[in-house]
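**Student:** What follows is a structure written as structure tokens; I'll ask about it next.
The values are calculated or read from the model by the stated rules, or taken from the named source; none is laboratory data. Keep in mind that this is a model prediction, so the values were computed, not measured. In this analysis, Cβ positions are derived from the backbone assuming ideal geometry, glycine residues included, and neighbour counts consider all displayed protein chains. For the accessible areas, the whole protein counts, side chains as well, though only heavy atoms, and no ligand, DNA or RNA atoms are used. Shrake-Rupley method; radii C 1.70, N 1.55, O 1.52, S 1.80 Å.
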Amino acid sequence: MHKFMRTVGFSMYQNKRDMEALLKELAAQAVRTGRLAEKDGSMFCELRAELADDMGVVLAGEMDEEGNFSQEYYFPYVKNTGISSAAECSIQRHAEKETYAGLLDEYRVGISLIFYMENSLEYRLRRQNKEVTEAKGVSLTGLAVQGKILLPVQKTRQQAENSRQESRKRTRLIEAAKNGDEDAIETLTIEDIDLYSMVSRRIAHEDVYSIIDTCFMPCGVECDQYAVIGEITDMEIKTNRMTGEEVYNLKLDCNDMQFYVAINKKDLLGEPLPGRRFKGQVWMQGTVEF
């Protein structure tokens with residue numbers, strides 16, 4: 001069973017037998033969004049069962065000449081309609097099956113950001129047809145199975161603007177350091193020492209979440225799982241048409257980068273409102289724009 005099926009509104013499905021029955025039902029009503037002829041003569045296809053606007057389950061596998069579908073894998077998805085990053089992106093195949101991961105050199109988060117590619121069939125079709133496969137932008141969405149709402153850090157408008165300027169300055173320094181600029185490397189080292197000193201001083205009498213405004217860092221052993229804290233700038237509620245469960249779709253600003261996080265209403269502690277912060281562990285998905 002896929003851990004994140006509860007994110008899109010299937011929290012009551014707790015055993016494999018129930019999930020298999022659900023997947024058969026979804027396959028029967030899903031829409032085929034593409035098919036790919038394999039070298040051995042078989043036909044690989046992708047079915048999408050939409051449960052709400054831009055939210056659903058992808059089922060992928062082989063389909064024979066009589067229209068019988070044999071599922072190979074499935075995953076839930078929630079789509080982001082905006083571009084989260086236009087940074088350089090490379091695409092690599094997973095070892096287990098022909099699905100793909102994207103790797104973004106995103107300086108705003110200070111790490112190479114790895115995500116599960118939601119439109120891998122489109123990429124495979126482009127490669128087969130010898131079309132352009134260079135990424136022009138990536139729309140990111142995080143799926144979470146638990147999370148909580150934090151109150152915002154109190155800031156004046158000037159302090160908020162200063163934080164944004166500092167973040168953009170650090171992004172430029174990281175980019176320069178990666179290109180071998182010794183002055184940038186030295187500046188970043190000094191800033192890290194100052195930051196460590198400031199945190200050590202403040203942590204004695206302040207809560208850690210009043211010092212750390214937002215964060216984005218790898219979490220766990222899987223490379224596309226991240227622990228995030230981000231400011232909620234917008235939100236909407238999606239309703240799974242099959243189960244009636246409600247899913248929060250939160251737009252986050254994290255390290256000056258915008259992306260969405262989806263979470264089942266049952267799994268979120270607190271009331272999400274613009275200005276407050278979301279804290280949780282997410283599975284990062286991305287739709288690559290070609």
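**Student:** Looking at (1) modelled with pLDDT of 90 or more; (2) touching an Asp or Glu at 6+ places or on another chain (Cβ under 8 Å); (3) open to solvent by 90 Å² or more (accessible area, probe 1.4 Å), can you tell me which one Leu151 breaks?
**Tutor:** (2)
**Student:** Taking the condition of being open to solvent by less than 70 Å² (accessible area, probe 1.4 Å), part of a strand (DSSP E or B), touching a residue at least 40 places away in the same chain (Cβ under 8 Å) and not polar (S, T, N, Q), how many residues in the range 221-235 meet it?
**Tutor:** Pass one, the range 221-235, residues open to solvent by less than 70 Å² (accessible area, probe 1.4 Å): 224-230, 232-233, 235.
Remaining after also requiring part of a strand (DSSP E or B): 225-230, 232-233, 235.
Next, from what is left, pick out any that are touching a residue at least 40 places away in the same chain (Cβ under 8 Å): 225-230, 232-233.
Then drop every residue that is not not polar (S, T, N, Q), which leaves 226-230, 232.
Within the range 221-235, residues that are open to solvent by less than 70 Å² (accessible area, probe 1.4 Å), part of a strand (DSSP E or B), touching a residue at least 40 places away in the same chain (Cβ under 8 Å) and not polar (S, T, N, Q) number 6.
**Student:** Quick check on the range 72-84: of everything there that is in a strand (DSSP E or B) and loosely packed, with under 15 Cβ neighbours inside 10 Å, which residue is farthest from the chain's Cα centre (by Cα)?
**Tutor:** Of all residues in the range 72-84, those in a strand (DSSP E or B) come to 72-78.
Still in the list and also loosely packed, with under 15 Cβ neighbours inside 10 Å: 72-73.
Working: Glu72: 23, Tyr73: 19 Å.
Filtering the range 72-84 for residues that are in a strand (DSSP E or B) and loosely packed, with under 15 Cβ neighbours inside 10 Å, the one farthest from the chain's Cα centre (by Cα) comes out as Glu72.
**Student:** Follow-up question, since we're still on this one. Pick from the range 123-140 the residues that are over 9 Å from Phe290 (Cα atoms) and of a type in the set (D, E, K, R): which of them is least open to solvent (accessible area, probe 1.4 Å)?
**Tutor:** Looking at residues that are over 9 Å from Phe290 (Cα atoms) and of a type in the set (D, E, K, R), I get Arg124.
**Student:** Right, here's the next one. Going by what's in this entry, would Thr189 be described as within 30 Å of the chain's Cα centre (by Cα), at pLDDT 85 or above, surrounded by 13 or more Cβ atoms within 10 Å (Cβ to Cβ) and on the phi < 0 side of the Ramachandran plot?
**Tutor:** Numbers: within 30 Å of the chain's Cα centre (by Cα): yes; at pLDDT 85 or above: yes; surrounded by 13 or more Cβ atoms within 10 Å (Cβ to Cβ): no; on the phi < 0 side of the Ramachandran plot: yes.
Here the answer is no, as Thr189 does not meet what is asked.
**Student:** Among the residues of the range 29-69, count how many are of a type outside the set (A, V, I, L, M), open to solvent by 70 Å² or more (accessible area, probe 1.4 Å) and part of a strand (DSSP E or B). Explain how you work it out, then say what you get.
**Tutor:** Within the range 29-69, the subset of a type outside the set (A, V, I, L, M) is 29, 32-35, 38-42, 44-46, 48, 50, 53-54, 56, 61-62, 64-69.
If we keep only those that are open to solvent by 70 Å² or more (accessible area, probe 1.4 Å) too, we end up with 29, 32-33, 35, 39-40, 50, 53, 62, 64-66, 68.
Adding the requirement that they be part of a strand (DSSP E or B) leaves 32-33, 35, 50, 62.
The number of residues fulfilling the criteria is 5.
**Student:** Taking Ile114, is it at pLDDT 90 or above, under 16 Å from the mean Cα position of the chain (by Cα), on the phi < 0 side of the Ramachandran plot and open to solvent by 70 Å² or more (accessible area, probe 1.4 Å)?
**Tutor:** Numbers: at pLDDT 90 or above: yes; under 16 Å from the mean Cα position of the chain (by Cα): yes; on the phi < 0 side of the Ramachandran plot: yes; open to solvent by 70 Å² or more (accessible area, probe 1.4 Å): no.
Judged against the criteria, Ile114 is not a match.
**Student:** Still on this structure, I have one more. Looking at the range 156-169 only, could you name the residues that are open to solvent by 80 Å² or more (accessible area, probe 1.4 Å) and either free of Cβ contacts under 8 Å to residues at least 40 places away in the same chain or over 26 Å from Met284 (Cβ atoms) (or both)? So that I can check it myself, show each step before the final result.
**Tutor:** So the first thing to find is which residues in the range 156-169 are open to solvent by 80 Å² or more (accessible area, probe 1.4 Å), and the list is 157-159, 164-166, 168-169.
Passing the criteria: Arg157, Gln158, Gln159, Gln165, Glu166, Lys169.
**Student:** Pairs, please: C-beta under 6 Å, at least 6 apart or cross-chain, first residue within 12 Å of Ser42 (Cα to Cα) and in the range 52-77, second of a type in the set (Asp, Glu)?
**Tutor:** Filtered contacts from the range 52-77: Gly61/Glu72; Ser70/Glu62.
**Student:** Related question: Being touching a residue at least 40 places away in the same chain (Cβ under 8 Å) and among the β-branched types (Val, Ile, Thr) is the filter here, so list the residues in the range 14-51 that pass it.
**Tutor:** Scanning the range 14-51 gives a single hit, Thr33.
**Student:** Looking at Ala177, Ala87, Ala101, can you tell me which residue is in a helix (DSSP H, G or I), open to solvent by less than 30 Å² (accessible area, probe 1.4 Å) and hydrophobic (A, V, I, L, M, F, W, C)? Talk me through it step by step, then tell me what you get.
**Tutor:** Working: Ala87 fails: in a helix (DSSP H, G or I); Ala101 fails: in a helix (DSSP H, G or I).
Every option except Ala177 fails the conditions.
**Student:** Working only within the range 236-261, note down all residues that are surrounded by fewer than 18 Cβ atoms within 10 Å (Cβ to Cβ), under 16 Å from the mean Cα position of the chain (by Cα) and without any contact (Cβ under 8 Å) to a residue 60 or more places away in the chain.
**Tutor:** Matches in the range 236-261: Asp253 only.
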